[in-house]
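The values are calculated or read from the model by the stated rules, or taken from the named source; none is laboratory data. Everything numeric in this text was worked out from a predicted model, so none of it was measured. Please note: Cβ atoms are built from the backbone with ideal geometry, for glycine as well, and neighbour counts cover all protein chains shown. Only protein heavy atoms, including side chains, enter the accessible area calculation; ligands, DNA and RNA are left aside. Shrake-Rupley method; radii C 1.70, N 1.55, O 1.52, S 1.80 Å.
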Amino acid sequence: MAEHNVCVELVRERQKCTFEVQELIHLIDGGITATEERREVENVVCTDPRIKDVVPEEYLSHKERYENAIRKNCILQEILKKYTEKRTWDNFRPSNKYRISSGVVKDISPFMLHTGMFIPTLVNQSDDEQKAKWVPKAMSMEIIGTYAQTELGHGSFIRGLETTATYDPNTEEFVLNTPNLTSYKWWPGGLAHTANHCIVVAQLYSKGQHYGVHPFFVQIRDIETHVPLPGIKVGEIGPKLGFQTANNGFLGFENFRIPRRNMLMKNAQVLKDGTYIKSKNDKLTYGTMVFVRVIILFDLAFELSRAATIAVRYSAVRHQSQLKANEPELQIIDYVTQQHKLFIGVSTSHVFRVVGLWLWNTYVKVNADIGKGNMDQLPELHALACCLKAVCSRDAAARVEEFRLACGGHGFMTSSNLPIINGIVSASITYEGEFSVLMLQTARFLMKAWNGVLARKTLTPTVSYLSKFSNSDRVQWANTTAGIISGFQAAAAGKTKEAYAAIQSYLKPGTDYEDAWNSASVQLVSASEAHCRAILCEISWSEMQRLSKTVSPNLGKVLLELAELYLTYWSLEKRGDLLMYTTISTADIAKLQARYEELLALIRPNAVGIVDGFDIRDEILNSTLGAYDGRVYERLMEEAKKSPLNAEPVNESFHKYIKPLMLKAKL
Amino acid sequence: MNKVNEDLLRERSKCTFNIEELTHFLDGGIEVTLERKRREQAVLSKREELFCGVPDEYLSHKEKYENSIRKGTILFKILRQIYNMENSNLSDYRNVLNGVLGASISQDGSPFGLHYIMFMPVLISQADEEQKKKWVDRALNCQIIGTYAQTELGHGTFIRGLETTATYDLETQEFILHSPTLTSYKWWPGGLGQTANYCIVVAQLYTKGKCRGIHPFIVQVRDEETHEPLPGIKVGEIGTKMGLNSVNNGYLGFDHVRIPRTNMLMKHAKVLEDGTYIKSKNNKLIYGTMVFVRVIIVFDSVNYLSKAVTIATRFSAVRRQSQLKEGEPELQILDYVTQQEMIFTAIAGCFAMKFNARRLWDTFNGINTQLHEGNFERLGELHALACCLKAVSTADAARFTERCRLACGGHGYMHSSNLPLTYALTTASCTYEGDNTVLLLQTARFLLKVWREIDTVPVTPTIAYLKTVSSPGFQDKWENSIKGIVRGFQIVSMKKISSCVEIMTNKIMSGMSQEDAWNTTSIQLVSAAESHCRAIVLSTFHEDLSKMSSTVSAPLAEVLQQLLELYTVYWALEKYGDLLLYTSISKTDIEYLRRWLVTLLGKIRPNAVGLVDGFDIIDEMLDSTLGAYDGRVYERLMAQAQKSPLNADTVNKSFHKYLKPFMKGKL
């Protein structure tokens, strides 16, 4: 990393750091080898001169920006292909190894769903013969695919999808159709002008019978000419808050025929004569959903670490206002209100990472059980993944916005990269399961669990605390980390119990359960959230504690401070819940507040070291405010100078519009 | 007009009040409504030139700028017509340009905005009579186009820290403007990049070797004929941002640029020919302008949020999702209680903030008159009030706008929904014109002072409650009513303020400096100022609605009352931690409030579309595929996507250039 000309503030901050930054880097990567491998990939990509932009992408037109993204992502994929000749499906696990893609284009790649959804779905839902045929081609990117499920008029409610796939036994083909405007596929990344193949989720009809939604493998563009095939209507959906280079598309079918064997047949099947063979277990598709949500959690941790690096370094460089007359202006990171905005976000990135890895390990275990035919743990895993995805995406978006606002006006500049990170993160609140919908799915699981409590059954591990706290009105409070965790569990149990009671109370004679459910839904979401918060607190604390014992004492201390900050921050945020469901007193809360402020002060000297520990290269950070050298103002100006508007001293619109206007006024 | 969506027709037929009556009420009378509509018609008469062509979001940054200049000059011509027709004054001019109308033409802000919002008002309030004669008419006629340059690359909130110097040269009777460092470059002013040829520059004044603090100067930056930057002027644009991309925000540096002595704005302070500095008689008058700008921002917040709720409400009435009950059609998403909670609270927020903006405006006018009479008694109170209302209204507007966006699911993420841009504009106001945290701390400073003097100094209206709820005879008995909740918030505010005073006193007694005590308590100080503001917002909404409810028809009064109740109960539940901590509210009370909330949502449900129709935002201003009056959501989404230049070709050229060679392994 370029060490020249690092600004004095950052040099001083780094000298103050009490732990070995490299050790933290290895911890986050998962070992020294992982760090070395990641850096090697980053070096290979960053030294390729073709990935440098003369004009930053945000100045381009929407179309130019797409073209530039294709150019650079093709180069990236080519480099990676050479680098990892033997990339296999086993590589698809949470890791920071390939984050360099964020340094090639700032926004989302048009290939994102190829690796994120197309390949995983092929792997999980094709039968062996299909896999052999398609997966190698997809892995080598001989074909580029995406995943088309959502329609213009239909999102979360998958059963409502309208696209049809009707089996024709005469030709042994499925006929795909888009009956209405609302049934156009809408959103898939890369669908518009990039992918030539696509997994399409459609309502299956065979022998005049309707069999629900199933996935089909569909070629949409000619391999040689890339022209859409006859009967395919495809295009892009237009600019968005973010994802400008994701090339999200729409897709409609007009009597479009595909071979019978293009239905993905690992689970359900249609035989030649049109006989439908049901999937042995329709919960099997949950596996992919859970997998995607685990990856999302891990990605959120990464995006947060980027935003944290930017905001913390900038806050160390920026000076503002004299706290005391005649003293120099203070580094803004010394304002406690600023620390309050920054450090919880830093801590949250660590929490998401460790909880994400824990969820991944759980997923791997449950998946192995499923392989042996045991699905017992699937509902619990699903409920867990739902609320974690929902709560973490919303939290991450809130934290990124807080980081952005903490950088004042400069955080509003695209060149800070915070607006782009905000676009990437806030999209995740609604995609892959909208927030409220997911929270209510977890709430259904909680209501079932509460039935179990009432029936005195033994509950599964993540909800076993419900039984523990089912009888007490207010749980005994203790001002310790263990006390905080059981306080959150008590709140979750209390809220679950009350939501359950609310449903019962809305269930007057003549009211459907679902109407009562709807009336109680604000409380149900709140119960889900409390449950999720209890999980986040419990798991993050136990994981960070475990990790702290594997590292040197100085680093271990920092890890525990970050973990404790998370618990303390949330117990103050949710003190209403704690007051309701535990015996916490006013004095306890004052103590928590004091401890919280103490933790901010403890973290303060290590703040820059901690974000250095994320080890995000300048090329991946893409930020004028966050670069390693802290040359904030120089970079802001250098970046502004790249604006094509600044290439000419007078823009042509002056002569065309402004001058005539001024002249007319004089007349 | 297009055929209106059937769901919207049904919604409108259900409305229990007269929508026009609401519109007149919100505008401030039928005459105001008519005048607004006349102006809208004048703009709509140029529909072809203003609202057709490729939407801005597809253009390059440079093209976007050029387009906004083109549209801006058309708007100027329309404004001139209106101006001549109505023979109106400056403030009307600004209303038209700065109001939602101007925003609809350049949705993402205008390069001419600051000419009206800052350049002219500053000239009028800070130039002496002779200077006014020289500049104001030319500015009004657009013979010159100006902006206001205060913030620098390295200096924002702390104005005393500005570095640009204006040194008086006795020999030539000129000021020499200079930017001594990179951090002293002016940075941010709208229109400064390529548009303005004049500029008010705020700089540190030096005469006779002494620094006299910051003063405003009028400076020509570009040649009036050629538009070339004048010698010694370094000017350009600062680059792309999260929003406001048509504003042409610029940077400006001076290399010993000379301006005549009479270019210092001399209504208040003066520099005589011999360099003698004459101090302003009262430098507090400048606070008046600051407060004025913040009042405008509170009104703007209401406007932005009104747009967001109009879009979200209409979309939610049209969008259907999930069967609540088997065999029934999919439900309008507006029927989900979680959706109602997100949207109706935002509608209520528009009304709450509208009432508060009006009250603030009246307070400002009353106190401003006193100021000009030399009575500064209530300036501190006004300043503290404007600070916290600006902070809370912008933060709430941003938060509720984001909730409305999320309530529209993925489609809210589409640029064409106009929710992303609306969010960007609201969130920008959280940091400009005083960062929200800084402003809340200013209010806190005032509150602490008031609290320390509460027994000795008579209290003014906005803080009178502090005395009431802390008087010895006051009985804190929780009451589940609007009055009771407002009282509860007042108690919370009072107790937080008194607790801050206590904490700070203890810190100081234990040897901490005043400043460090302030800094280490600042998280709680911000929280106290916010609570104070919440108490004010709730009580103002309550009082002013009670006062006027007899002036509107009974059905409208009933709906307004429901909104007041919803807003109040919502905030009580949001802040129930505070209420539990500081008031005598019980668990049973909170359960009561939860049910009250659900009941209110049910009552407002049939009037939801009618309420947002009452905002009467025409489609051209709303500029949203999801929110148009006719509710043809899907048709508009598809029609807007078809305008993408990427969709003009079935195969993008990047396929042949990059994608195909890459897929064949021959890149």
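Here B:Ser68 fulfils each of the conditions (1) more than 22 Å from B:Asn418 (Cβ to Cβ); (2) of a type in the set (S, T, N, Q); (3) surrounded by 13 or more Cβ atoms within 10 Å (Cβ to Cβ) apart from (1). Scanning segment A:622-646 for residues being within 11 Å of another protein chain (Cβ to nearest Cβ), open to solvent by 20 Å² or more (accessible area, probe 1.4 Å) and either in a loop (DSSP other than H, G, I, E, B) or of a type in the set (S, T, N, Q) (or both) gives a total of 3.
Note on segment B:563-595: among residues that are more than 12 Å from chain A (Cβ to nearest Cβ) and open to solvent by 20 Å² or more (accessible area, probe 1.4 Å), the one that is nearest to B:Met342 (Cα to Cα) is B:Glu565. Could you give me the residue pairs with C-beta distances under 6 Å whose first residue belongs to segment A:177-200 and is farther than 15 Å from A:Thr146 by Cβ, whose second residue is open to solvent by less than 20 Å² (accessible area, probe 1.4 Å) and of a type outside the set (Phe, Trp, Tyr) wherever it lies, and which are 6+ apart or on separate chains? Pairs found: A:Thr178/A:Thr163; A:Thr178/A:Gly252; A:Thr182/A:Leu152; A:Thr182/A:Gly153; A:Ser183/A:Glu151; A:Ser183/A:Thr163. Summed over segment A:469-487, residues that are modelled with pLDDT of 90 or more and not in a helix (DSSP H, G or I) total 6.
Restricting attention to segment B:333-372, the residues being closer than 26 Å to B:Lys281 by Cα and not in a helix (DSSP H, G or I) number 0.
Can you name the residue in segment A:647-660 that is touching a His at 6+ places or on another chain (Cβ under 9 Å) and part of a loop (DSSP other than H, G, I, E, B) and is also most open to solvent (accessible area, probe 1.4 Å) among such residues? My answer is A:Pro649.
Here's the yes/no breakdown for (1) at pLDDT 95 or above; (2) open to solvent by less than 20 Å² (accessible area, probe 1.4 Å); (3) more than 22 Å from A:Thr115 (Cβ to Cβ):
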{"residue": "A:Ala2", "(1), (2), (3)": "no, no, yes"}
{"residue": "A:Glu9", "(1), (2), (3)": "yes, no, yes"}
{"residue": "A:Pro49", "(1), (2), (3)": "no, no, yes"}
{"residue": "A:Glu67", "(1), (2), (3)": "yes, no, no"}
{"residue": "A:Asp90", "(1), (2), (3)": "no, no, no"}
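Return yes or no: is A:Glu619 within 14 Å of another protein chain (Cβ to nearest Cβ), in contact (Cβ under 8 Å) with a residue 12 or more places away in the chain, open to solvent by 10 Å² or more (accessible area, probe 1.4 Å) and more than 28 Å from A:Phe469 (Cα to Cα)? No: the conditions fail for A:Glu619. Of all residues in segment A:226-242, those that are at the interface with chain B (Cβ under 7 Å from one of its Cβ atoms) and open to solvent by 20 Å² or more (accessible area, probe 1.4 Å) total 3. The criterion of being of a type in the set (A, V, I, L, M, F, W, C) and in contact (Cβ under 8 Å) with a residue 40 or more places away in the chain holds for A:Ile158.
Considering B:Ala639, B:Ala608, which residue is crowded, with 23+ Cβ neighbours inside 10 Å, small (Gly, Ala, Ser) and either in a helix (DSSP H, G or I) or within 9 Å of another protein chain (Cβ to nearest Cβ) (or both)? From the options B:Ala639, B:Ala608, the qualifying one is B:Ala608. For the subset of segment A:156-175 comprising residues that are of a type outside the set (A, V, I, L, M) and open to solvent by less than 20 Å² (accessible area, probe 1.4 Å), which member is nearest to the other protein chains (Cβ to nearest Cβ)? Per the stated criteria, the residue is A:Gly160. Annotation note: Cβ proximity below 6 Å between a residue of segment B:321-346 that is without any contact (Cβ under 8 Å) to a residue 60 or more places away in the chain and open to solvent by 20 Å² or more (accessible area, probe 1.4 Å) and a residue that is outside any loop (DSSP other than H, G, I, E, B) and of a type in the set (Asp, Glu) (sequence gap 6+ or interchain) occurs for B:Leu324/A:Glu514; B:Lys325/A:Glu514. If only residues of segment A:389-399 that are more than 11 Å from every other protein chain (Cβ to nearest Cβ) and open to solvent by 10 Å² or more (accessible area, probe 1.4 Å) are counted, the one that is nearest to B:Gly410 (Cα to Cα) is A:Asp395. In segment B:212-242, which residues are closer than 30 Å to B:Thr276 by Cβ and part of a loop (DSSP other than H, G, I, E, B)? Selection gives B:Val221, B:Leu230, B:Pro231, B:Gly232. The residues of segment B:267-324 that are over 30 Å from B:Arg12 (Cα atoms) and among the polar types (S, T, N, Q), listed by number, are B:Thr276, B:Ser280, B:Asn282, B:Asn283, B:Thr289. Might you let me know whether segment A:342-360 holds any residue that is modelled with pLDDT of 95 or more and charged (D, E, K, R)? Looking through segment A:342-360, at least one residue is modelled with pLDDT of 95 or more and charged (D, E, K, R).
If the condition is being facing chain B (nearest Cβ under 7 Å), in contact with a Phe, Trp or Tyr (Cβ under 8 Å, 6 or more places away or on another chain) and open to solvent by 10 Å² or more (accessible area, probe 1.4 Å), then segment A:400-430 contributes A:Gly409, A:Pro419, A:Thr430. If you filter segment A:323-347 down to residues that are touching a Lys or Arg at 6+ places or on another chain (Cβ under 8 Å) and surrounded by fewer than 21 Cβ atoms within 10 Å (Cβ to Cβ), you find that the one that is farthest from the other protein chains (Cβ to nearest Cβ) is A:Gln331. Tell me which residues, restricted to segment A:97-155, are open to solvent by 20 Å² or more (accessible area, probe 1.4 Å), within 14 Å of another protein chain (Cβ to nearest Cβ), charged (D, E, K, R) and in contact (Cβ under 8 Å) with a residue 60 or more places away in the chain. If the condition is that a residue be open to solvent by 20 Å² or more (accessible area, probe 1.4 Å), within 14 Å of another protein chain (Cβ to nearest Cβ), charged (D, E, K, R) and in contact (Cβ under 8 Å) with a residue 60 or more places away in the chain, then A:Lys106 is the only one that fits.
Residues that are over 24 Å from B:Thr588 (Cβ atoms) and outside any helix (DSSP H, G or I) within segment B:468-520 comprise B:Ser471, B:Pro472, B:Gly473, B:Ser510, B:Gly511, B:Met512, B:Ser513, listed in sequence order. Only residues that are at negative phi, open to solvent by less than 20 Å² (accessible area, probe 1.4 Å) and either without any contact (Cβ under 8 Å) to a residue 60 or more places away in the chain or facing another protein chain (nearest Cβ under 10 Å) (or both) were counted across segment B:386-422, and they come to 13.
Taken as a whole, the structure leaves B:Asn282 outside the set of residues that are within 14 Å of chain A (Cβ to nearest Cβ) and part of a loop (DSSP other than H, G, I, E, B). Taking the listed residues B:Leu192, B:Leu177, the one that is assigned to a loop (DSSP other than H, G, I, E, B), under 30 Å from A:Glu648 (Cβ atoms) and at pLDDT 95 or above is B:Leu192, with no other qualifying.
Of all residues in segment A:546-596, those satisfying the criterion of being within 14 Å of chain B (Cβ to nearest Cβ), of a type in the set (Val, Ile, Thr) and part of a helix (DSSP H, G or I) are A:Thr568, A:Thr586, A:Ile589. Count of segment A:431-457 residues, restricted to those that are within 12 Å of chain B (Cβ to nearest Cβ) and of a type outside the set (Val, Ile, Thr), is 11.
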